[in-house]
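Right, one structure below, let's go through it.
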Amino acid sequence: MLEFVRKNIFAIIFSFMVLAMFTGYLFAKGGEFSSTENRYLARRPEITLSGILDGSFMKSFELYTEEQLPLRDTLVRLKAISGELMLKNENNGIARGDRGYLFEKLVSTSGQLGKNKAAIRNFAGQTDRDISLCIVPNSYEILSRDTPAGFPNVSQKAEIDDFYSELSSYGNVSTVSVYETLKENSEKYIYYRTDHHWTTQGAYLGYCRLCEAMGLTPWKEPENLESDRLRTVDGFYGTYHSKYRGMLGGFPDTLSYYDIPVISYETGGNTYHDLYDLDKLDTYDKYAMFMYGNEGMSIVESERGGAAKKRSELIIFKDSYANCLIPFFTYNYDRLIVIDLRYYPESVNELLDKNKDADILLIYNFMHFNDDNHFYRLTS
Amino acid sequence: MIFSSLLFIFWFMPVFFILYYLVPMRAKNFVLLIGSMIFYGWGEPKYLLLLVISILVNYFSGLLIHHFRGRADKLILICALVFDIGMLFFFKYINFFIENINAFSGSSIAKVNITLPLGISFYTFQIMSYVIDLYRGKVDVESSIVNLGTYLCMFPQLIAGPIVVYSDVSAALKNRRITAGAIEEGIEIFVLGLGSKVLIANNAGELWKELENIGYDNISVPLAWLGMLAFTLQIYFDFNGYSMMAIGLGKMLGFEFPKNFNLPYISTSITEYWRRWHMTLSGWFRDYLYIPLGGNRKGRVRVIINLFIVWFVTGFWHGADWNFILWGLYFFVLIMVERAGFGRFLEKHRIFAHIYSLIAIGFGWLLFAITDLKQLGVYISRLFTGGISGSEIYYIRNYFFIIIVGCILSSGSGNKFYEKIRNKRAVVAVLLSCILILSTAFLADASYNPFLYFRF
């Protein structure tokens, strides 16, 4: 007996492991929410004849075996750590830099970029209204001192400058570069270590630069770092962390926001009296607290007695990068109309016609500008 | 379905093998046949029909060849072969021919909307071995359609080899003993193959993928060489890993499949390399093409013509594109040069012979991997004129470990080490458990788990 076990030891271990995993699958309920991945995981699909015939059953079953793998989270982490033991500093397209920073890889621009540039050119060409445009570089471009040696990414500055000079023939477009101001402050905490967004401090620098370009007077209070409006929350792990998952990189972040009062904030069919969804601070995806996340159209009404030189309306076309910047603009405009093209299927032309006197700002981060495919909606 | 997937390891394997081991011997082939059909039909159920038709046609051809022995057997064989090759031609090559006819004659024949049926190149060759050997009198007629069907679509070797000819397994199809020792050995080989594919091939392959993303126009000299090395390792560990998994599964089922790779990268000539690489394919071409053409018995000129044909077909078998033909003919040229006297020079200069072989093999993989001939030209020029970009250091850091491990294992040290510890059972158990757990971890987070043989 003992000799049998000795001779066939691995067959026994293997059978045990495979059967244990199989049993684990059978008993897993499935369908729960994964906070690190910020989505619901697949359930075991029902067997139907039509599902088998058109192959959809097999596809969803395969997805189910991937997402409901017993011990999945531990195994994913094991993979990340074993990569680090092989002295790698990259996992799932996220690279580990210095000072606990994680960075996203982008070795070439996408085919979508050209289409997005064309969409913006078309948008600028079909209106004579003034448009401010700002493409915000992502962390690796600004924090180049902290990126890993030989980091092979494309130069966002070159790409942005290129696009800006393409637009110089459009008299109604003013392009706003935030590269210099961010670069000058690259020693400060302007990007999250574990998330793809800029911090509220980074966004404030961008805001000041935008005000300068748009002829506005910026709200000055954040310059005083001890401002009693400032709130901070520790222990924030962002999207880079959920992809990287290693031991050696990605120190937790601190999220901060300014308590900025507004009259009303309409978004996603609800009306609030503040700009922040504080409940989100207790979840994994803390950044989603800004502006209550992304919605197709949101409207901020604010009024500040005595504020200098306030204008009436601003339409902002934006991605999630702008969510921590928008609150600052309540000091410059009575009304902000915030459009996220990904969730806004309605006509942009009609929106502009309805708000004839509104200023127009387009603000996107480079990664989004590089690969999002909703910019065609600008000319709808 | 592919072996290196969670679905196969944690669903298909337990359910199938429990059933397979529980049923009596006479029902095992049936269970294996049904299991194999589920395995095959999982990805594309519609092509299961093609497989079934192929079984039926060749089964009845076999019966007829047997029945009309000495009278019409040659005619029936020719009909069966026309059918088999015709199916392969239609499903794999028709669009290639349409494209080229259009390009050369300016016509505009519409392309046929088909995807390549999984494993068709492999199973066509396998079933051809049955009817040809039956005609030659080398094997007996198979009167059970379940047995012939089991042979043809047995899941271990169905989609990516090794190419098991009918005579290899005809006895075992009728009766086989499944021992605990064979199961143990099979599982060990399976897990080693799994690790080879998931841990080494996939990781090395990420670098190759990265070069595609960067664009060949932008890669530097060191990166171009590193990429060539990475692909050379990827394809070996991928293909050999897959063959090992197949051989291991075969043992678990009670079959002995032929070895497919014998440390190809330690070769000292291209002639030797092709005796060590994908041995069941070269063996098939030798037995069913080269020798029937006359082999080397019909004089010098005929040998050259025969070799040319074999290498042309070998290249074309790997994929319906010009670069694969180029790849086959590239080896034809090298082998001719070696036959003409260069081979004797290589025998005297071993170190040079190793370097020459490795570079020739790596260069061959570029012809194989880059289907666009213009892009191929760009890549080759970057090997010599790409300059230095500064990003090499990043890639060296991220890939040196896997590349060194790959180089050590492909030199044969891994096999020697495993033979040494094979009797220290605790060590085997720990080592293989680690490989299994790590492979599962890499599959759990598999952003990159390609299957390289879909073109074959």
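The values are calculated or read from the model by the stated rules, or taken from the named source; none is laboratory data. Everything quoted here is computed from the prediction, not taken from an experiment. In this analysis, Cβ positions are derived from the backbone assuming ideal geometry, glycine residues included, and neighbour counts consider all displayed protein chains.
Does at least one position in segment A:157-180 carry a residue that is of a type in the set (Lys, Arg), under 22 Å from the mean Cα position of the chain (by Cα), away from every other protein chain (no Cβ under 14 Å) and surrounded by 22 or more Cβ atoms within 10 Å (Cβ to Cβ)? No, segment A:157-180 contains no residue that is of a type in the set (Lys, Arg), under 22 Å from the mean Cα position of the chain (by Cα), away from every other protein chain (no Cβ under 14 Å) and surrounded by 22 or more Cβ atoms within 10 Å (Cβ to Cβ).
Checking the conditions here, which among B:ILE219, B:ILE183 is under 27 Å from A:LYS7 (Cα atoms) and in contact with a helix residue (DSSP H, G or I) (Cβ under 7 Å, 6 or more places away or on another chain)? Walk me through it before giving the result.
Values: B:ILE219 fails: under 27 Å from A:LYS7 (Cα atoms).
Only one candidate qualifies: B:ILE183.
Might you let me know whether segment B:87-98 holds any residue that is aliphatic (A, V, I, L, M), outside any loop (DSSP other than H, G, I, E, B) and modelled with pLDDT under 90? No, that holds for no residue. Put simply, of A:GLU104, A:GLU84, A:GLU141 the only residue that is more than 9 Å from chain B (Cβ to nearest Cβ), in contact with a Phe, Trp or Tyr (Cβ under 7 Å, 6 or more places away or on another chain) and of a type in the set (D, E, K, R) is A:GLU104. Note on segment B:35-92: residues that are small (Gly, Ala, Ser), within 30 Å of A:SER56 (Cα to Cα) and free of Cβ contacts under 8 Å to residues at least 60 places away in the same chain total 1.
Kindly provide the set of residues from segment A:223-246 that are exposed (fewer than 12 other Cβ atoms within 10 Å of the Cβ) and either free of Cβ contacts under 8 Å to residues at least 24 places away in the same chain or within 14 Å of chain B (Cβ to nearest Cβ) (or both), ordered by number. Hits for segment A:223-246 are A:GLU223, A:ASN224, A:LEU225, A:GLU226, A:ASP228, A:ASP234, A:GLY235. Of all the numbered requirements in (1) within 14 Å of chain A (Cβ to nearest Cβ); (2) closer than 30 Å to A:ALA28 by Cβ; (3) part of a helix (DSSP H, G or I); (4) in contact (Cβ under 8 Å) with a residue 40 or more places away in the chain, B:MET1 misses one, and that requirement is (3).
Results for (1) crowded, with 16+ Cβ neighbours inside 10 Å; (2) within 14 Å of another protein chain (Cβ to nearest Cβ); (3) over 30 Å from B:MET244 (Cβ atoms), shown as yes or no for each residue.
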position: B:VAL23; (1), (2), (3): no, no, no
position: B:LYS28; (1), (2), (3): yes, no, no
position: B:LEU51; (1), (2), (3): yes, no, no
position: B:LEU64; (1), (2), (3): yes, no, yes
position: B:HIS67; (1), (2), (3): no, no, yes
position: B:GLY70; (1), (2), (3): no, no, yes
position: B:LYS74; (1), (2), (3): no, no, yes
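Considering only segment B:89-97, I want to know if a residue exists there that is within 30 Å of B:ASN175 (Cβ to Cβ) and surrounded by 13 or more Cβ atoms within 10 Å (Cβ to Cβ). Within segment B:89-97 (the criterion being within 30 Å of B:ASN175 (Cβ to Cβ) and surrounded by 13 or more Cβ atoms within 10 Å (Cβ to Cβ)), the answer is no, since none of the residues qualifies. Taken over segment A:330-351, the residue count meeting the criterion of being in contact with a helix residue (DSSP H, G or I) (Cβ under 8 Å, 6 or more places away or on another chain) and assigned to a strand (DSSP E or B) is 4. Within segment B:374-390, the residues that satisfy the criterion of being farther than 27 Å from A:PHE151 by Cβ and either in contact with a His (Cβ under 8 Å, 6 or more places away or on another chain) or loosely packed, with under 13 Cβ neighbours inside 10 Å (or both) are B:LYS374, B:GLY377. Checking B:TYR47, B:TYR59 one by one, the residue that is buried (at least 17 other Cβ atoms within 10 Å of the Cβ), under 30 Å from B:SER196 (Cα atoms), assigned by TED's automatic domain parsing to the domain that holds B:GLY161 and hydroxyl-bearing (Ser, Thr, Tyr) is B:TYR47 and no other. Checking each residue in segment B:236-262 for being surrounded by fewer than 22 Cβ atoms within 10 Å (Cβ to Cβ) and either out of contact with any helix residue (DSSP H, G or I) (no Cβ under 6 Å at 6 or more places or on another chain) or without any contact (Cβ under 8 Å) to a residue 60 or more places away in the chain (or both) picks out B:GLY254, B:GLU256, B:LYS259, B:PHE261, B:ASN262.
One line per residue, one yes/no per condition, for (1) more than 19 Å from A:TYR364 (Cβ to Cβ); (2) of a type in the set (A, V, I, L, M); (3) in contact (Cβ under 8 Å) with a residue 12 or more places away in the chain:
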residue	(1), (2), (3)
A:GLU166	no, no, yes
A:ASN172	no, no, yes
A:SER177	no, no, yes
A:LEU182	no, yes, yes
A:TRP198	no, no, yes
A:LEU205	no, yes, yes
A:ARG209	no, no, yes
A:LEU216	yes, yes, yes
A:GLU221	yes, no, yes
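Any residue at all in segment A:352-368 that's in a loop (DSSP other than H, G, I, E, B), among the aromatic types (Phe, Trp, Tyr) and either in the same structural domain as A:PRO222 (by TED's automatic domain parsing) or more than 14 Å from A:VAL300 (Cα to Cα) (or both)? No. Residues in segment A:215-248 that are touching a helix residue (DSSP H, G or I) at 6+ places or on another chain (Cβ under 7 Å) and either among the charged types (D, E, K, R) or over 27 Å from A:THR283 (Cα atoms) (or both): A:THR217, A:PRO218, A:TRP219, A:ARG229, A:ARG245.
Restricting A:GLU159, A:GLU141 to those that are closer than 18 Å to A:THR199 by Cβ, in the same structural domain as A:ALA213 (by TED's automatic domain parsing), touching a residue at least 60 places away in the same chain (Cβ under 8 Å) and of a type in the set (Asp, Glu) reduces the list to A:GLU141. Counting only helices (runs of 4 or more DSSP H) that sit completely within segment B:328-442, those holding 1 or more residues that are within 14 Å of chain A (Cβ to nearest Cβ) and in contact (Cβ under 8 Å) with a residue 40 or more places away in the chain correspond to B:392-410, B:413-421. Only one entry of B:ILE9, B:ILE55 meets the criterion of being more than 14 Å from chain A (Cβ to nearest Cβ) and touching a Leu at 6+ places or on another chain (Cβ under 9 Å), and that entry is B:ILE55.
Look at (1) modelled with pLDDT of 90 or more; (2) in a loop (DSSP other than H, G, I, E, B) and you find that B:PRO450 fails only one, number (1).
Inspect all residues belonging to segment B:142-159 and state whether any of them is among the acidic types (Asp, Glu), crowded, with 21+ Cβ neighbours inside 10 Å and either touching a Leu at 6+ places or on another chain (Cβ under 7 Å) or not in a helix (DSSP H, G or I) (or both).
yes
Assess whether A:GLU67 counts as being surrounded by 14 or more Cβ atoms within 10 Å (Cβ to Cβ) and acidic (Asp, Glu). In short, yes.
Out of B:SER121, B:SER108, I need the residue that is of a type in the set (Gly, Ala, Ser) and outside any helix (DSSP H, G or I). Which one?
After applying the criteria, what remains is B:SER108.
If the condition is being among the small types (Gly, Ala, Ser), under 13 Å from the mean Cα position of the chain (by Cα) and within 25 Å of B:ALA27 (Cα to Cα), then segment B:236-261 contributes only B:ALA246. Looking at A:LYS79, A:LYS117, just one residue is in a helix (DSSP H, G or I), assigned by TED's automatic domain parsing to the domain that holds A:LEU248 and on the phi < 0 side of the Ramachandran plot, and that residue is A:LYS117.
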